[in-house]
1. Within region 15-54, which residues are open to solvent by 20 Å² or more (accessible area, probe 1.4 Å), among the hydrophobic types (A, V, I, L, M, F, W, C) and farther than 22 Å from S212 by Cα?
2. Can you find, within region 188-209, the residue that is modelled with the lowest pLDDT among those that are outside any helix (DSSP H, G or I) and open to solvent by less than 50 Å² (accessible area, probe 1.4 Å)?
3. If I filter region 20-28 for residues that are of a type outside the set (F, W, Y), in a loop (DSSP other than H, G, I, E, B) and more than 18 Å from V78 (Cα to Cα), do I get at least one hit?
4. Among F107, F140, which is the only one that is surrounded by fewer than 17 Cβ atoms within 10 Å (Cβ to Cβ) and more than 30 Å from Q7 (Cα to Cα)?
5. Looking at (1) within 22 Å of the chain's Cα centre (by Cα); (2) surrounded by 14 or more Cβ atoms within 10 Å (Cβ to Cβ); (3) of a type outside the set (V, I, T), which one does Q125 not meet, given that it meets all the others?
6. Mind checking which residues of region 47-84 are among the small types (G, A, S) and over 27 Å from the mean Cα position of the chain (by Cα)?
7. What's the number of the only condition in (1) farther than 23 Å from R40 by Cβ; (2) out of contact with any helix residue (DSSP H, G or I) (no Cβ under 6 Å at 6 or more places or on another chain); (3) modelled with pLDDT under 85 that P134 fails to meet?
Amino acid sequence: MLISPQQVLGLLQRDLLAADCLTTIFWAAMSSFRHDTVLRPFPPLFLQGAEHKDIEKLRAVFHKLPPLDRVAEAPHAVDPTTLRLLHWILSSGQGRFTLQYRPPATFHDIIGQAQSSTHSVVKPQCTFELEYVPELESRFHTAAAPYGTLLAYHGSQVENFHSITHNGLLNSFNKTSAFGEGTYLSTDLGVCLNWSPLGSLWPRSMLPHSASCVAVCEVIKHPSIIPSPSWLRRYWFVVGVALYLVFLVLLGVVNSRAFRQLYSKYAPEWPWR
């Protein structure tokens, strides 16, 4: 299928920063050594048969992509195959969602709706909103009506967000299960930042060169949701140090002269004597 430069230009003109974000998270998934898992969906143009994914050809074609502000200025100058790939990246979610850039004040609105205090957390540099089509929104609100909803955060590596954007939070992709199987969310943004390490972004992006990504999710308060000890995950280092200190104190007591004398009095067969 031939893609005209005007088709791509139309997608870029809707929201250039959102287009840049979609392209950047695609690049992160494509560049990952876990690309076979995280690059889902995979562009059909680079599928050979039902199974083989030509990742090297995909990377070579993507490498020809200029910064998107330059593409917007001269879409006719972009390699046709690269232009076709960019069109797929920007339109693969059509029929399900659109991504839109939101001003910085949006973060304060989110904090106001979330049931936690996160005033000490570093404020995000960029905020984007994923808006689903009316049909999917209606299905969600119908399912949520008996229970209500809440806002919760989900931290993950940048390379996972291409799949998260298109497929949602899938349990089958979870590799770290510190508290059992499932998808972890928290009402405390500080907790989720622990699971969102700083990652590199597309070098030609208009976004920062590195970032950590956190999703803000509207969650149905269904009885099957199991609260986890978020305070433990937040203060695991403090708890670990405290236990280590207790261990050192016990070790010191056991090796003390007074303890040995006391123990030898009541346990003459003690092997340490």
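The values are calculated or read from the model by the stated rules, or taken from the named source; none is laboratory data. Here the structure is a predicted model, which means the values were calculated and not measured. We place every Cβ from the backbone using ideal geometry, glycine too, and count neighbours over all the protein chains shown. Just so you know, the surface numbers come from the protein's heavy atoms only, side chains and all, with ligands and any DNA or RNA stripped out. Shrake-Rupley method; radii C 1.70, N 1.55, O 1.52, S 1.80 Å.
1. Correct list: F42, L45, L47, A50.
2. This residue is D188.
3. no
4. F140 is the lone residue from the list that is surrounded by fewer than 17 Cβ atoms within 10 Å (Cβ to Cβ) and more than 30 Å from Q7 (Cα to Cα).
5. Every listed condition holds for Q125 apart from (2).
6. Scanning region 47-84 gives G49, A50, A72, A74, A77.
7. (3)
Condition check ((1) among the β-branched types (V, I, T); (2) at pLDDT 85 or above; (3) surrounded by 15 or more Cβ atoms within 10 Å (Cβ to Cβ)) across all residues:
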{"position": "F62", "(1), (2), (3)": "no, yes, yes"}
{"position": "H76", "(1), (2), (3)": "no, yes, no"}
{"position": "L86", "(1), (2), (3)": "no, yes, yes"}
{"position": "L90", "(1), (2), (3)": "no, yes, yes"}
{"position": "I111", "(1), (2), (3)": "yes, no, yes"}
{"position": "S117", "(1), (2), (3)": "no, no, no"}
